[in-house]
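Engineer: This is the structure I want to talk about, given as structure tokens.
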Amino acid sequence: PDDQRSLEKIDQIQLFPAREFPFTDDAIKQFRQAFRNQFPEVSSKNILYLDVSKGIAPSGIEYYLPLFVDKTETLFDYLPESTVLVLPESNHDSAETFYQSADERFQQRKYDVDRPLLEPAKLFLSADEFQQKIELFSRVTLSYQAKETSVFHCQSLPELIIDGRLKEPAKQLLSFLNKFTGKILFVAETAGHREGLIEKLTPYQIKLKQVDSWQAFIDVEQSPCILVAPMDHGLLLDKPSIAIITERQLSGEKVQQRRRRRKSAAKELENVFNNLNELTIGSPVVHQEHGVGRYLGLQTIEIGGIEAEFLTLQYASDDKLYVPVSSLQLIGRYSGASAENAPLHKLGSDRWSKAKKKAMERARDVAAELLDIHAKRAAKQGHAFEIIDEDYLAFAAAFPFEETPDQATAIDALYLDMKGKNPMDRVICGDVGFGKTEVAMRAAFIAVQGGKQVAVLVPTTLLAQQHFQNFRDRFVDWPVRVEVMSRFVPAKQQKTIMSQLESGQVDIVIGTHKLLSKEIKYNALGLVIIDEEHRFGVRQKEHFKKLRFELDLLTLTATPIPRTLNMAMSGLRDISIIATPPPNRHPIKTFISEWIDSLVQEACQREIKRGGQVFFLHNEVKTMDKMAREIEKLVPEARVQIAHGQMAERELEQIMLDFYHQRFNLLLSTTIIESGIDVPTANTIIINRADKLGLAQLHQLRGRVGRSHHRAYAYFIVPPKTLMSKD
């Protein structure tokens, strides 16, 4: 639907009902009568009642199913008598727990006049009713108490990694093969990997016989053999004596998700601009001579006895312009306001020529800046990094996830930038949690591998600590030293780090504004990474502008400032867009509401009951203790801790570590958590007085949740007047 292109042919589609009951006029009429009978105290101006009366099915309408029908049935009413139910031994306890949870929610919200709730008895079976229903059928009960234990004799393999950095790369593998007396089977993921593995082992005089199946391996006498199979971990069998070795055990790679993805050409950056093939009827276009019009499709017109195809363009006052297909070069895509609101020019007026003249003047300014930057970059050539592919591939393989298509495209572009002679100046633009940090780590690895130092500039101390931890974990298997400079680091230790930076003992330094200090001197700085550029002022970035002509510069941002975006779009800076979410990532459900005790209570309880954690943002330090008491009163299950920027460094650091390790479940904080804090188990955020925060801030804060496969929720709490004005 985005680009109207056919991607593949399919044999069938399945269309399911939009909801579990017919939303007909009769059903709406029945709902209205039943609603008034069930909730006589609720006004007829109730929003839910009015929406359904208009034929609108609001979210959560399934919880009012009994009001639409004469009688409701259960699953058991549809099962034939011959059905055999397979149930866990604890099915009664599970049913009891569920029903109690539903009843608790009802008791909390039963006085809500805006959205009155039906009693659980009208919607669900109680545990006893559930038991009566299942007793009508034959049953198999699963017991988790094993009566007998079967022992399968196998053990894991020793370390067999082939490490090209060692003097004898395959020493461990060769030692194992010489000692082992049984049959040996190597396993590759694909036929291509099989050929690569055979080639990899040939220098060590290991000759492999190819087999097509497990049975073929059992039957053959020669060993070792190689087989193609989707296997990640090898093992040793006792009887018969067999060793199974996978390619991942030889390369030291972590298990990655196997997922085939078709690379969508429609999402590649090159196709976003100036591609007439994506034009649809009604789209605005720009004619070189006449300005903005609306494309109405192709039309065949006879001129001088010859038929030809013309593009039909509509302009202001319903004027039409017919452009021959042979003159397509005169038409470009419109990239201004939204397509629906594109301003149509009037044919024959001078409005378009004036707009062109003004744009040309601006273009000259941009061209002058572009010329100045490229002249300086040409005069001072950057460092062309020599990349050792074997080491780089090993580092990339240690990434524990599968790169998204956009992430892979950004990494490839960055790889080519750093191999080139011109200094890199690339913007990585991607939503919060879409994998920008991994792209930065790849760049840092290439720089360090090339003998250069890396500076990572971040806006907050908490983000500096988190990046420090992530970088240190990612580089743990490599001879790379990572340090952090922030207010969490004692002054004495900072002096030591500064001294080691100057002598070249530190490879990667991560820090806040401290890195902008003139006191810090580098031995061989080669790459600067700026995370969340919009958080730094013009003066602060001027410090790095002076270095831009000599150093490689990488900017990461989810909410680029207009100037950065303009420079990227106009070609002054290179840009890579990461628009693909990670696999299994759900969109964040966002709600805007005034403060309602029951809403806040339900949001917190839902997250806590599913084993998660809650961010509660309250941006007033002086009233935080009072808010903490209110939350504890509303949500007794919550274990609340407070975090804000005025706290002592060690105390704040400890609280964030405790939250990350799930030692408490609700963090009451200020906007100090805005950038980069990654807690996958925290998937609900409540932002009190969201009207006092900026759009970029809210976008960043909302991005603190939804960083795992769980559904995430964001609640923006605003005063009633603000909500009314928004509506």
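The values are calculated or read from the model by the stated rules, or taken from the named source; none is laboratory data. This one's a predicted model, so the numbers in the text were calculated from it and none came from an experiment. As a convention, Cβ positions derive from the backbone with ideal geometry for all residues, glycine included, and neighbour counts pool all protein chains shown. These area figures cover heavy atoms from the full protein model, side chains too; ligands, DNA and RNA do not enter into them. Shrake-Rupley method; radii C 1.70, N 1.55, O 1.52, S 1.80 Å.
Engineer: Is the shape of segment 66-189 rounded, prolate or oblate, going by the alpha carbon gyration tensor and its root eigenvalues a ≥ b ≥ c, with a/c under 1.5 for rounded and a/b larger than b/c for prolate?
Structural biologist: Prolate, because a/c is 1.5 or more and a/b exceeds b/c.
Engineer: Around Thr590, which amide H atoms from residues at least 5 apart in sequence, or from another chain, sit under 5 Å from its own amide H, with H modelled in the peptide plane?
Structural biologist: Ala714
Engineer: State which entries of Lys589/Lys609; Lys200/Lys419; Lys452/Lys518; Lys9/Lys436; Lys45/Lys626 exceed 28 angstrom in Cα-Cα distance in the structure shown.
Structural biologist: Flagged as over cut-off: Lys9/Lys436; Lys45/Lys626.
Engineer: Still on this structure: At a 1.4 Å probe radius, carbon and sulfur cover how many percent of the accessible area of segment 574-727?
Structural biologist: Roughly 52 percent of what the probe reaches on segment 574-727 is carbon or sulfur.
Engineer: Related question: Rounded to the nearest Å, what's the spacing between the alpha carbon centres of segment 627-676 and segment 414-488? Just the number, please.
Structural biologist: A separation of 28 Å, based on Cα centres.
Engineer: Could I have the simple spin-label model distance between Ser349 and Glu630, label points 7 Å from Cα toward Cβ, reported in nm to one decimal?
Structural biologist: 5.3
Engineer: Contour minus end-to-end for Asp691 and Asn178, with contour as 0.36 nm per residue of separation and end-to-end as the Cα-Cα distance?
Structural biologist: Going from the current span to full extension adds 177.6 nm.
Engineer: So how much slack lies between Gln493 and Glu159, counting 0.36 nm per residue of separation and subtracting their Cα-Cα distance, in nm? Let's see the in-between values first.
Structural biologist: Details: separation 334, 0.36 × 334 = 120.24 nm, distance 3.72 nm.
Net length gain for the segment: 116.5 nm.
Engineer: Gln100 versus Thr190, label points 7 Å from Cα toward the beta carbon: distance in nm?
Structural biologist: 5.2
Engineer: Nearest 20 debye, what's the magnitude of the dipole of segment 470-538 about its Cα centre given +1 on Lys and Arg Cβ and -1 on Asp and Glu Cβ?
Structural biologist: Rounded to the nearest 20 debye, it is 320 debye.
Engineer: For Ile575, enumerate residues with amide H under 5 Å from its amide H, sequence gap 5+ or separate chain, H modeled in the peptide plane.
Structural biologist: Val427
Engineer: Read phi for every residue in segment 70-85 and hand back ³J(HN,Hα) as whole Hz from Karplus 6.51 cos²θ - 1.76 cosθ + 1.60, θ = phi - 60°, with x for Gly and Pro.
Structural biologist: Coupling constants for segment 70-85: 6, 8, 9, 10, 10, 4, 5, 5, 9, 7, x, 4, 6, 4, 10, 8 Hz.
Engineer: Also: Sorted by mean Cβ packing within 10 Å, highest first, what order do the peptides 239-250, 291-302 take?
Structural biologist: Descending packing order for the listed peptides: 239-250, 291-302.
Engineer: At a Förster distance of 51 Å, what's the computed FRET efficiency of Ile281 paired with Tyr63, Cβ-Cβ distance as r, to 0.05?
Structural biologist: The formula returns an efficiency of 0.75 here.
Engineer: Can you give me the long-range amide H partners of Val456? Hydrogens built in the peptide plane at 1.01 Å from N, cutoff under 5 Å, separation of 5 or more residues or another chain.
Structural biologist: Distant-sequence amide H within range of Val456: Val509, Ile510, Gly511, Ile529.
Engineer: Quick check: residue separation of Glu502 and Leu237 times 0.36 nm, minus the Cα distance between them. What number comes out in nm?
Structural biologist: Details: separation 265, 0.36 × 265 = 95.40 nm, distance 5.43 nm.
Net length gain for the segment: 90.0 nm.
Engineer: Need one word for segment 1-109: rounded, prolate or oblate. Basis is the Cα gyration tensor (sqrt eigenvalues a ≥ b ≥ c); a/c below 1.5 gives rounded, then a/b vs b/c decides.
Structural biologist: Values: a/c = 1.84, a/b = 1.05, b/c = 1.75.
Verdict is oblate for segment 1-109.
Engineer: Treat each spin label as a single point 7 Å out from the Cα along the C-beta direction, and report the Glu307 to Thr74 distance in nm.
Structural biologist: It works out to 6.9 nm between the two label points.
Engineer: Decide, for segment 609-673, between rounded, prolate and oblate: order the square roots of the alpha carbon gyration tensor eigenvalues as a ≥ b ≥ c, take rounded if a/c falls under 1.5, and otherwise choose prolate if a/b is larger than b/c, else oblate. Can you show the working numbers first?
Structural biologist: Numbers: a/c = 2.03, a/b = 1.15, b/c = 1.77.
Oblate.
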